[in-house]
Amino acid sequence: MDHQEFRLHAHRLVDWIADYLENADQYPVKSPVAPGDIINQLPAAAPQQGEAFEQIFADFQHIIMPGITHWQSPSFFAYFNANNSMPSVLGEMLTAALGAQCMSWQTSPAAAELEERVMQWLVDMLGLPPHFTGVIHDTASTATICSLISARECHTDYKVNEDGLYDHGKFRVYCSAEAHSSIEKAVKVIGLGKNNLVKIPGDENFAMQAEKLEAAILGDRAAGYVPLAVVAAFGTTGSTAIDPLQAVAEICRENHIWLHVDAAYAGTALLLPEIRDLIKGIEHVDTFVFNPHKWMFTNFDCCAYFVRSTEALVRSLEILPEYLKTREGAGVNNYRDWGLPLGRRFRALKLWFVIRSFGVEGLREKIRGHIQLAAQLAEEIKGCADFEMLAPTPFATLCFRYKPQNVTDQDQLNQLNSRLMETLNDSGKLYLTHTKLNGKFTLRMVIGQTRQQEHHVRSAWELIKTTAAQLPKS
């Protein structure tokens, strides 16, 4: 493809992208294909000769698009969002065109310094402690691994990196029973073993019980274990519960334990000053993570990770072979030493485009709107005789179930709600996912897609009620 052909096809693709984003609600939200439908349309071997872009793009439309679940549809209410926005898409296009490998300051000075500045902006925008320093990772899963590695190395005076885990004691990590699965994966990846992840029971709102955390720590220490770190959740995955950060932070301070806060979804809500009372105690936290790619309208992947001590992070992760040495040395941020991979994408560019395009007030307006829509729908669900809320709604995720008045058996209710969800998803008109809370099959409806408006939420709720009423009850 020469430059002229590229120009022609690129213009066509931009028009297609603009049409897609404008009309994403015209597609079935959840892909209707069956396993094997896509791969069976793809040749078993790669083409020996190059093919025309027109044919490639035609196959994209006819083969690939039917197998896409449309995360950018305003009727997408599943999981947590993986939002984009038009400014973010434009930033991503430029990132792809530049093709920069941003492992060090010298390999892309603008990328390093833009990332430094944008992360400083986020500290201010979210009301985080000014001593926090940030770096962009791919996902919160990676950030959690980095945090627990830093905790391990700080506790052992960086000896595990030198000698391995031998003779350093049997470490314990603590989190809520509702914590994200990435916490368990991180504990496994860094060699502590999943049996040394202690899951603390939640209260009636599914938040970690601080007194039970303290009892577990004291009991483990008496039994010869080494309490290493606590991961507190600001918005759990299942129900968006908020762990009692101030009480947890005090326990960690008294016991000299590392404290990481997982705010992957709900951290964006801290844009709102009225929300910040929920993070009292944040000044005592060692590390904090949230994902702009969930609720800040920035293309996946973009994860903002903040640390109290850059020294702890860099000393835990840096490796400096001769071929990576540059004359700038410690006078600049070489972000390859702030995370797991050596190679790094220019993720700060799209985030910069988003913040500047929306402005802080524009972002706040969108987040407030989503929270208000969720609060309104929660009240409607509470007022509906055949539905019940199963968890509080501090942000914009609703946890509820269908509970017709003549059905009381819990297994039957679980099966009924599972059928309801699958029927709704198969309709292509919306997409929900589920969790289980206290053994109850729970429908999760996440409001927060970039282009979602009140009429999308109301249409979804009407479809949920209508579909539920038509389901056989046995």
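For region 212-361, dividing the convex hull volume of the Cα atoms by the residue count gives 156 Å³ per residue.
Taking the mean number of other Cβ atoms within 10 Å as a proxy for protection, how do you rank 221-234, 56-69 from highest to lowest?
Details: 221-234: 20.9, 56-69: 13.3.
Taking the mean over residues of other Cβ atoms within 10 Å, the ranking is 221-234, 56-69.
For region 100-345, count the residues as N, evaluate 2.2 N^0.38 Å, and divide the Cα radius of gyration by that value, please. Expressed relative to 2.2 N^0.38 Å, the Cα Rg reads 0.99. Cross-link partners of Lys188 among lysines, defined as those whose alpha carbon lies under 17 angstrom from its own and excluding same-chain residues fewer than eight positions apart: Lys170, Lys199. Scaling the Cα radius of gyration of region 20-115 by the globular reference 2.2 N^0.38 Å produces a ratio of 1.45. Electrostatic tally near Met103: other residues with Cβ closer than 11 Å to its Cβ, Lys and Arg +1, Asp and Glu -1, net +2. Among the listed values (i) 1.05; (ii) 0.99; (iii) 1.11, the one matching Cα Rg over 2.2 N^0.38 Å as calculated from this structure is (i).
Please work out how many pairs of lysine residues in region 322-467 are eight or more positions apart (or on different chains) and have Cα atoms closer than 16 angstrom. Lysine pairs meeting both conditions in region 322-467 amount to 6. Using C-alpha pairs under 8 Å with a sequence gap of at least 6, the mean separation divided by the residue count of the chain gives a relative contact order of 22 percent.
Taking region 80-234, how much of its Cα-Cα pair set, in percent, is spaced more than 25 angstrom apart? Result for the distance tail: 48 percent.
Grab the beta carbon distance between Asp409 and Gln376, set R0 = 30 Å, and tell me the FRET efficiency rounded to 0.05.
That gives a FRET efficiency of 0.45.
Rule-based calculations on the coordinates, nothing more; no lab input. Predicted, not measured: the structure shown is a model, and the values here were computed from it. Cβ coordinates were reconstructed from backbone atoms using ideal geometry, including for glycine residues, and neighbour counts include every protein chain displayed.
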